[in-house]
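Shown next, in structure tokens, is the structure this report addresses.
The values are calculated or read from the model by the stated rules, or taken from the named source; none is laboratory data. What you see is a predicted model, and the numbers here were worked out from it, not measured in a lab. Neighbour counts are summed over all protein chains in view; Cβ atoms, including those assigned to glycine, are modelled from backbone coordinates with ideal geometry. Only protein heavy atoms, including side chains, enter the accessible area calculation; ligands, DNA and RNA are left aside. Shrake-Rupley method; radii C 1.70, N 1.55, O 1.52, S 1.80 Å.
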Amino acid sequence: MSYGIKSIRYENTARHILLQNENGPCPLLAVANVLLLQGTISLPVSAVRTGVATTDDVCNTLAIVAMDGNPNGNTSSNYHIDELMKFFPTLQYGMDVNPRFVCGPTGMEYTIGVNAFDLMKVGLLHGWLVDESDVTTRNVIGMKTYNELTQIIIAGNEAKDKMDILSQKIKKVEYQICLESASGDEDKKIDSELESKGSPRELSIIQNKSKPTECDDISEELQILETNLLKTRQELAEESETFTEYIIVNNFLLSSSHQLTLCGLHALHSHLGEGKMSVFFRNNHFATMTKKHGVLYLLVTDLGYKNVPEVVWEKLDDISGNTDFVDQDFVKTKPLVDAGTLSGRLLEHVQRGGVEEDYQLALALSQNENVTEKQERELIAAAKLASLRDRESAENGTIADLKKSPLSSNDTAQSISHASDRAVALRLQAEYEIDASLDNARRQRNQLQGNRATLAKGNSANNNGCLIS
């Protein structure tokens, strides 16, 4: 895997950051960008020159930092470093993070991945926390991790099925007890009537019934049924408690599916100091985070924004993902063009560089020696307009489709807002690349004209020499 390189200014110092061309977790990139912006590491000169850094480039650079953290060559530390050297390359594919929900932004299970962050002296934070005012949820979740909550979800689903079975069993046993009780009551009634009449024969019958009979068997069976009923009710109570925990945990997970809560956002603000940097974990993604002027920002590492200086950071001030982009100075710049209906296919086109259009424009400029400056400006303007119109027509209706999608109004608004912000960035990039291509075309034309002039001068000299001789 390889990463693009973007040059920005951070804290009044020129820095390089790594970009990814695929949407993925990549904690390796997030850690490296923290250290690059802090000036702790720098990329190899060859990588900067080519504008591309490989995974080996990044891992080797991080390895130096790890070894610098053990200057005395401690044997135990060396073992951990060796293990981490094997682990670093796997970070390009992601990392398991098992957060806790009541222990603040740093609360998570300690793993070899978290150990790697510690070794790099880079903090790993999350904002998936339970509100302190929600006592019921906090009591159920406690110190449990995300993995333990998933076990509660599984157990709760199983408990629901068991509760149905136990409820049916209780009804059946209660019915049997009623039948047995009714049978015993009838026998007692008959005995009482015989005893009241007092005839010798009837008294003899009563005396015989005092011996172990079927009535005693009924009494024993009734006791067994009652014991089973009590046991079944206890089992039902236990399963009900498990199911109640399931409901509380499931409600929390569903209501915080963004994996960032308001109390978590406030906790991040309190934890991260002004100008400090860390890696932020959310929805299995890792982002470089900093705090500037009391506002949290995440580094934009999408390769599509490589040539868009207006997009370097995005604000982290909303749990739903609605955000604003800012430049390297943390200023939201005014778009040069209005937001259009552009989307992912435009990004693909821009990354290809609009090769065909650029080639045709360069060819037209280089072949026509008699193009005046006015004509050249007209040709450039026409090329820009045609290129932008092509991109717009190719993506026409994207936002309209979003409005028609079966999402909630909030989701639709957020999607449209995100599409608009991205559209602005992509159009800016398109203009920058068009301008660069046009400059290149003019250079090609000027070079071609110079070569032709040199060739013509040489031919004239040769012809004059022949005449003299």
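If you scan the range 27-58, which residues turn out to be buried (at least 22 other Cβ atoms within 10 Å of the Cβ) and either β-branched (Val, Ile, Thr) or touching a residue at least 60 places away in the same chain (Cβ under 8 Å) (or both)?
Once the filter is applied, which keeps residues that are buried (at least 22 other Cβ atoms within 10 Å of the Cβ) and either β-branched (Val, Ile, Thr) or touching a residue at least 60 places away in the same chain (Cβ under 8 Å) (or both), the range 27-58 yields PRO27, LEU28, LEU29, ALA30, VAL31, ASN33, VAL34, VAL58.
Quick test of your reading of the structure: LYS172 fulfils all but one of (1) in contact (Cβ under 8 Å) with a residue 24 or more places away in the chain; (2) not assigned by the TED database to the domain that holds LYS291. Name the failing condition by number.
(1)
Considering each of LEU43, LEU37 in turn, give the residue that is assigned to a helix (DSSP H, G or I), more than 21 Å from the chain's Cα centre (by Cα), at pLDDT 90 or above and of a type in the set (A, V, I, L, M, F, W, C).
LEU37
I want to confirm something. Restricting to the range 141-181 and keeping residues that are among the hydroxyl-bearing types (Ser, Thr, Tyr) and part of a helix (DSSP H, G or I), which single residue is nearest to SER219 (Cα to Cα)?
In this case the residue turns out to be SER181.
Looking at (1) touching a helix residue (DSSP H, G or I) at 6+ places or on another chain (Cβ under 9 Å); (2) open to solvent by 20 Å² or more (accessible area, probe 1.4 Å), can you tell me which one ASN147 breaks?
With respect to (1) touching a helix residue (DSSP H, G or I) at 6+ places or on another chain (Cβ under 9 Å); (2) open to solvent by 20 Å² or more (accessible area, probe 1.4 Å), ASN147 is out only on (1).
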